[in-house]
Amino acid sequence: MLMTLIIISWVIFGIMAAFMLSYTKDLQHHQVLGVTLSDSHRETTEVQDIIKGYKRVCFLLFLLFIALSFLLFLPFARSYAEFFLLILVLVYFILHGWIVHIFQQKLQELKQEKGWIYRQNRIVRVDINVLKEKGKAGVSAAWVWLFFILSFLPTVYLLFSPAARELYPIGFSFIGPFCQLNIVFLYYRMLNSHTPALSDNTEINKACARTLERIRTTATTLIALSMLIFWLLFNLALCYREGFILIILPLIALLAALFFIAFWQQKRIRAAENYFFGSELQDESHLYEKEACYKWGFYYDPNDPRLMVPKRIASMGWTINIGHPAGKFLGLGIIVLVLAILIFVLYGGAKDYVIKDSGSQITIDAPMYDLSIEKSKIVSVSTLDDLPRSMRTNGYGGVNKSFGHFHVDGYGKCMLYMYAKGGGYVVLKLEGDNPGYVIVNGKTPQETEALYRSITEWVKIKE
Amino acid sequence: MILKIDMTSDIPIYQQIRNQIVFAVAKGDLKPGDDLPSVRQLAQDIGVNPMTVNKAYALLKEEGIIIIDRRHGAQINASNNSGLVFTKDFDQRLELLLAEARMKGASKQEVTTHLLSLIDSVFQ
């Protein structure tokens, strides 16, 4: 379990590092790390030195965090493994943004020092004849809609399979269709996104528009397909529980596919624009400063009606306009959500569950999964050396302990409270089947043995 | 026909859209019966609120330069004889421009030469 979490974190660090390195590519025309630079200025020694420095820092950051993840093998970190890894990933994200910001500042200072001033006014060119033909050249929308419909397959399966519903709540099966619907929305945004009209020849503008439309819609369709494949494999792995590896491998493949599709799209768009507007792009008189209003690293423009805006580096995604009234709430909400997750993980990892008997009932005090069991509801008490294959349906599953609602092979719905090094398990069979069993243990085999003795003594039933 | 919108200009965007369509019709780049893109499409491509484009189209419709049909969208008005050309408003605007030129020291001959070159540019 620990090794799995570490490998997942390495994959996240690797993908972030790959993204960071891609920001130095001039994929957005005259933009390096989100800073406007003409081709001639970009090739100067000073700019190239800054880019090399940035790449060195990206590699060092990646290696540093790989090294830090090995600290998890130390006893003090292992006890809080999930919290420690979550902090590591969060800090990596924050450092990633901070490093990009520092090198953007270096480039801005260099521009000021050298007097590399570009036009401040932004002229948008729109070819009316191109607009009239929008939507006619892309990959058919039928594909993304088909993938959306197919993403409901797990839901349909769950509707007809009560046994599967015990392992997997039907509500979770709507996550895939929700994600696919977002891709449908993205498809239409891609279809309607601005097409450059740099030529005075309308036929050239139209040809470029058709090509770009095809590239963008192909990329979106491939994203939808990748997500559908992952979703179906994920559900298969959950329902048939063939092992955690069948969830991890498709996830890694999906993340890699998304990265390569985004990179391919940017590269093809750039190649198409160079092909159609080669001479116009050489002419740098159309260059303008693309800097927007940023405050404390966040996009801030109360006059901009948009709630979400593309980041300075387009491949970094979108960011909230905190100058927008709803943006303030959204930003605050995200911070609160992240804090809540951190607190939950820390609390779950730090707090042990405690088992107390009080006359007529046993109480298990666990974070968010307390349970009280009446003595009269207990049918039998037994022990188990090894836990059969189990799956968490609603609970906390950590490196050192797990508790909550689980489905255990041969036992069905159970409430499980176990320490990883407890040695064995005490099984309480209950009346009814919701849950049918409560499985507990102590921190060590000796504690588990003592727990079994005290519970059987309390119940005065032995099997 | 290519619209060039200066996003940082003091001239409102709806005014720029209106002015450029008027120029395009005058120069023959847009002919009677030609379709214009829908409000939503044009707004999305420029990157402005649809109300901005709507305002431009409303102005053009009021001036009789375009007609807006529910089925076909916006089109350049085929019958462009929208009545009197040299209205009082037209005269007032032109007089103001001439007065500004005179105020800045331009002679009658200079203004006439300049106006004739602009007329050639529009009527070419």
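Quick look at the numbers
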read-out	value
Cα lying deepest toward the dipole's positive end in region A:354-460, options A:Ser382, A:Gly395, A:Val408, charges on Cβ	A:Gly395
Crossing angle, helix A:445-459 versus chain A [Cα axis fit, 0-90 degrees, rounded to tens]	50
Candidate lysines for bridging to A:Lys111, where Cα separation is under 30 Å - those fewer than 8 sequence places away on the same chain excluded	A:Lys25, A:Lys52, A:Lys55, A:Lys267, A:Lys290, A:Lys295, A:Lys311, B:Lys4
Counting DSSP beta bridges with both ends in region A:354-460, the antiparallel % (nearest 5)	90
Residues A:Leu72, A:Leu2 arranged by fewest to most Cβ contacts within 10 Å	A:Leu2, A:Leu72
Burial ordering of B:Asp91, A:Asp385, A:Asp352, fewest other beta-carbon atoms within 10 Å first	A:Asp385, B:Asp91, A:Asp352
log₁₀ of I(q)/I(0) at q = 0.08, 0.10 Å⁻¹ - the protein assembly as shown, Debye sum with one point per alpha carbon	-0.77, -1.03
Helical mean residue ellipticity (222 nm; -39500 (n - 2.57) per DSSP H run of 4+; nearest 500) of chain B	-17500 deg cm²/dmol
Surface/4 estimate of mean projected area, convex hull on alpha-carbon atoms of region A:115-160, nm²	7.7
Sorted by Cβ density within 10 Å, fewest first, the residues A:Ser9, A:Ser382	A:Ser382, A:Ser9
Anchor B:Lys88: lysines whose Cα lies under 25 Å away (excluding residues fewer than 8 positions away in-chain)	B:Lys27, B:Lys55, B:Lys61, B:Lys104, B:Lys108
Inverse of mean 1/r across different Cα pairs in chain B, Kirkwood, Å	16.3
Under the Karplus curve 6.51 cos²θ - 1.76 cosθ + 1.60, θ = phi - 60°, whole-Hz ³J(HN,Hα) for region A:383-397, x wherever Gly or Pro sits	10, 9, 7, 10, 7, x, 4, 9, 9, 6, 9, 6, x, 10, x
Farthest toward positive dipole pole in the protein assembly as shown [+1 Lys/Arg, -1 Asp/Glu at C-beta], among A:Tyr417, B:Gln41, A:Ala272	A:Tyr417
Pairwise Cα inverse-distance average, inverted: Kirkwood Rh of region A:354-460 (Å)	13.6
Farthest toward positive dipole pole in chain B [+1 Lys/Arg, -1 Asp/Glu at C-beta], among B:Gln124, B:Ile67, B:Val85	B:Ile67
Eligible lysines near A:Lys401 by straight Cα distance, threshold 21 Å, same-chain separation 8 or greater	A:Lys351, A:Lys356, A:Lys413, A:Lys421, A:Lys443
Burial ranking of peptide ranges A:358-364, B:32-38, A:398-404 (average Cβ count within 10 Å, highest at the top)	A:398-404, B:32-38, A:358-364
For B:43-51, mean number of other protein chain Cβ atoms within 10 Å	4
Length-normalised contact order of region A:354-460 in % [C-alpha pairs under 8 Å, at least 6 apart]	21
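Laboratory data are not the source of any read-out in this text; all were calculated from the coordinates shown. Quick caveat, the model's predicted, so the values are computed rather than measured. Here Cβ is always computed from backbone atoms with ideal geometry, including for glycine, and neighbour counts include all displayed protein chains.
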